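Below is one structure, written out as structure tokens; the observations come after it.
The values are calculated or read from the model by the stated rules, or taken from the named source; none is laboratory data. On a predicted model such as this, the values are computed, not experimentally measured, just so you know. In this analysis, Cβ positions are derived from the backbone assuming ideal geometry, glycine residues included, and neighbour counts consider all displayed protein chains. Ligands, DNA and RNA are stripped out before the accessible areas are found, and what is left, the full protein with its side chains, is counted by its heavy atoms. Shrake-Rupley method; radii C 1.70, N 1.55, O 1.52, S 1.80 Å.
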Amino acid sequence: MAAFLAENFRFLSLFFKSKDVMIFNGLVALGTVGSQEIFSVVAFHCPCSPARNYIYGLAAIGVPALALFLIGVIWNNHTWNLVAECHRRGTKNFSAAATCLIFGSVMGRAAVAPVTWSMISLLRGEAYVCAMSEFMDPSSLYEFPPGYGANTMARFPCDDLPGNLTKFKDEVIRQLKYESQLFGWMLLGAVAVLVFLTKCLKHCCSPLSYRQEDYWDHYRSNEAKLFRRTAEVHSKVMAANNVKKFFGFVYLDKEEKELLQEYPVEDVQPRPQWDAITGVCIYRENKGFPLYSRLHKWAKGAVGCNSSPDNQEMVFLAA
């Protein structure tokens with residue numbers, strides 16, 4: 001049962017990763033919303049103390065957002081392609097525009113979950129109410145008794161209020177939630193405008209037609225899936241051959257025996273070949289023909305990464 005669930009989870013993961021980026025980002029956002037709901041119910045408890053409220057409220061919004069951002073950066077394959085590119089070849093092969101686009105792609109994908117977390121936190125309002133309650137001006141409340149300061153205002157998110165102030169709790173919470181939700185909707189609007197402008201800029205600046213971009217997307221998706229599946233089979237056959245050499249035999253099931261017979265593996269690829277196909281994918285043309293990936297470039301035997309007329313870098317990022 002566990003193996004069945006693991007296999008289906010792996011299939012779903014590969015399926016969604018191979019689809020449009022917006023679908024995958026939407027799933028990330030939905031997962032973040034669910035996590036935020038669980039966090040609010042289980043882990044959020046305002047200290048209701050001056051100074052502590054502000055730090056705790058900001059930490060409840062900012063620290064998970066920062067953690068999600070770092071996880072997004074680590075999880076993104078473009079990050080490690082960029083690291084490998086800088087380590088192996090430096091940045092001399094990139095124009096300033098291409099470098100900004102690559103960096104922006106990594107940061108943009110990683111920002112989906114933290115922006116969603118921050119927006120949902122603001123729309124819920126609990127963390128903002130906790131953080132800003134001590135800064136609320138008591139004089140803004142109608143008929144609020146004089147003589148109360150930040151120490152008292154910081155206790156409004158909790159239930160331990162003086163009896164004569166209990167009737168003001170709903171008004172305080174309502175005003176602070178109004179501010180929090182206003183900031184949340186403003187953040188949502190700003191993100192929507194930014195995504196729209198980025199999409200427009202990407203398509204306007206692209207040297208490729210819409211159909212060629214669509215073909216490139218399909219090619220990269222199919223290449224990644226085929227490479228992953230082939231690498232899995234190649235490594236399994238290679239491992240079986242080595243185990244057989246050590247023990248004199250290897251235990252295989254029927255399907256694995258068929259793999260071993262159908263795909264004989266003699267040797268592994270040398271490190272220079274792996275280096276050649278590892279790195280950032282920038283659309284290039286060699287003598288007028290497109291090169292859609294580093295593997296495509298290696299297969300065609302194209303050498304050099306300079307921006308000469310015969311090997312022109314097209315400043316368009318493989319998203």
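Below, the figures for the structure above:
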| item | result |
| --- | --- |
| Restricting segment 105-151 to residues that are of a type in the set (Phe, Trp, Tyr) and not in a helix (DSSP H, G or I), the residue that is nearest to Val191 (Cα to Cα) | Tyr142 |
| Members of segment 203-212 found to be under 25 Å from Val112 (Cα atoms) and in contact (Cβ under 8 Å) with a residue 12 or more places away in the chain, listed by number | Cys205, Ser206 |
| Pair list, Cβ under 6 Å, 6 or more apart: segment 149-170 residue closer than 17 Å to Cys46 by Cβ and without any contact (Cβ under 8 Å) to a residue 24 or more places away in the chain, other residue buried (at least 17 other Cβ atoms within 10 Å of the Cβ) and acidic (Asp, Glu) | Met153/Glu134 |
| Sole exception among (1) surrounded by 11 or more Cβ atoms within 10 Å (Cβ to Cβ); (2) under 26 Å from Ala111 (Cα atoms) for Lys236, by number | (2) |
| Segment 226-253 residues that are over 17 Å from Val268 (Cβ atoms), paired with ones that are open to solvent by less than 90 Å² (accessible area, probe 1.4 Å) and among the charged types (D, E, K, R) (beta carbon under 9 Å, 6 or more apart) | Val250/Glu256 |
| Any hit, segment 288-311, residues being open to solvent by 40 Å² or more (accessible area, probe 1.4 Å), at pLDDT below 75 and part of a strand (DSSP E or B) | no |
| Residues being exposed (fewer than 12 other Cβ atoms within 10 Å of the Cβ) and of a type in the set (Asp, Glu) - total across segment 242-287 | 6 |
| Test: residue in segment 152-161 that is out of contact with any His (no Cβ under 8 Å at 6 or more places or on another chain), in a helix (DSSP H, G or I), at pLDDT below 85 and under 20 Å from Ala51 (Cβ atoms) | yes |
| Positions within segment 125-151 being of a type outside the set (Phe, Trp, Tyr), open to solvent by less than 40 Å² (accessible area, probe 1.4 Å) and modelled with pLDDT of 80 or more, in sequence order | Gly125, Ala127, Val129, Cys130, Ala131, Ser133, Glu134, Met136 |
| Test: residue in segment 179-200 that is part of a helix (DSSP H, G or I), open to solvent by less than 40 Å² (accessible area, probe 1.4 Å) and in contact (Cβ under 8 Å) with a residue 60 or more places away in the chain | yes |
| Options Val243, Val250, Val233; residue that is farther than 30 Å from His78 by Cα, over 27 Å from the mean Cα position of the chain (by Cα), among the aliphatic types (A, V, I, L, M) and in a helix (DSSP H, G or I) | Val243 |
